[in-house]
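The values are calculated or read from the model by the stated rules, or taken from the named source; none is laboratory data. Keep in mind the model is a prediction, meaning the values are calculated, not measured. Here the Cβ is made from the backbone with ideal geometry for all residues, glycine too, and neighbour counts use every protein chain on show.
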Amino acid sequence: MRQHVRGVGLLVAVAAIWLAASAVYTLPEGQKALVIRMGAPIDVDEQPGLKLKWPLIDSVQYFDARLQTLAPAPEELILGDEKRLEVETYTRYRIVDPLRFYQTVHTEEQARAQLTQLVSTTLRRELGKAMIRSLLSDDRARILEQVASEVAVRARPLGIDVREVRLHRADLPLETSQAIYDRMVSERQQEAKELRAQGAEWAQQIQAKADSEKTVILSEAQRQSAIIHGEADAEANAILGKAFGRDPKFYKFYRSMQTYKQSLADTNATVILAPDSAFMHDFKDGPPGVKP
């Protein structure tokens, strides 16, 4: 009898401990708790600590209240200029209303799947209106802000606060990249041909202009040279005329020496003259007025 009473007492004690343990739960820091009674949510608890609930009929579902990151798999989009782009996004969000979150998406896995679909749909619509050049300019930030704003509005009824949507990576598909590269090479080669042709045309124009200027400069130089030579000859003749007037005999002798010089210079010819030749007169008699 005593053993039976002791066994019953032990069972009661175990049941009491189990009921006591079922009546409390712990809410960690950075999480929110939704108390569900008989399948219906009745309370949202956001303060961390040890909490009480009705055993057996109450259950608790926890939600991470910290900022979370959603990074879905890369997907291929078509831009407004028919270019294909492979993008990889990341979304920063926070669960702010556990009750609405539970009522609409129920679990975090379903919430992430629905949020991924929201981001993908919005991104496809916005990038479908944009050109690839826009994503390489300051318009990229404006487009992503528009995407984030629309996703935040559509995610708010789910109890989710979307903070930002960003592009982690945006690349052209391999075949598209190669096609664009080949087209760029072809365009640059065509541009190089046009520049070379234009350069050759400019070179011909510059050469023709230089030749024309050269002809004008040479003509002017020759004219100036002729004028200077004429003036110099005139001045030389005037000086020689004055010299001839002062000493005609010496002038005649000087002219004879000049004639000999011009006749015999830079030649190897041998000239045979008679001793009484007029050509030898100045060599025999010397300058006028000089006595032997």
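For the subset of the range 118-141 comprising residues that are touching a strand residue (DSSP E or B) at 6+ places or on another chain (Cβ under 6 Å) and of a type in the set (A, V, I, L, M), which member is farthest from residue 71 (Cα to Cα)? Result: 127.
Of the listed requirements (1) in contact (Cβ under 8 Å) with a residue 60 or more places away in the chain; (2) assigned to a strand (DSSP E or B); (3) of a type in the set (S, T, N, Q), residue 59 misses just one: (1). Candidates 55, 74, 48: the one that is surrounded by fewer than 17 Cβ atoms within 10 Å (Cβ to Cβ) and either of a type in the set (Val, Ile, Thr) or over 28 Å from residue 29 (Cα atoms) (or both) is 74. The helices (runs of 4 or more DSSP H) found entirely in the range 90-164 that carry 2 or more residues being over 27 Å from residue 62 (Cα atoms) are 108-127, 139-155. Within the set 185, 165, 216, the sole residue that is at pLDDT 85 or above and touching a helix residue (DSSP H, G or I) at 6+ places or on another chain (Cβ under 8 Å) turns out to be 165. When 89, 121, 116, 107 are checked against the criterion of being touching a residue at least 40 places away in the same chain (Cβ under 8 Å) and surrounded by fewer than 18 Cβ atoms within 10 Å (Cβ to Cβ), a single residue qualifies: 116.
Of the numbered criteria (1) under 30 Å from residue 101 (Cβ atoms); (2) in contact (Cβ under 8 Å) with a residue 40 or more places away in the chain; (3) surrounded by fewer than 16 Cβ atoms within 10 Å (Cβ to Cβ), the one residue 171 fails is (1).
For the range 135-167, the tally of residues that are under 23 Å from residue 80 (Cα atoms) and without any contact (Cβ under 8 Å) to a residue 12 or more places away in the chain stands at 8. Against the conditions (1) surrounded by 10 or more Cβ atoms within 10 Å (Cβ to Cβ); (2) modelled with pLDDT of 70 or more, residue 245 satisfies every one except (1). Looking only at the range 130-154, residues that are farther than 13 Å from residue 77 by Cβ and out of contact with any Lys or Arg (no Cβ under 9 Å at 6 or more places or on another chain) come to 13 in all.
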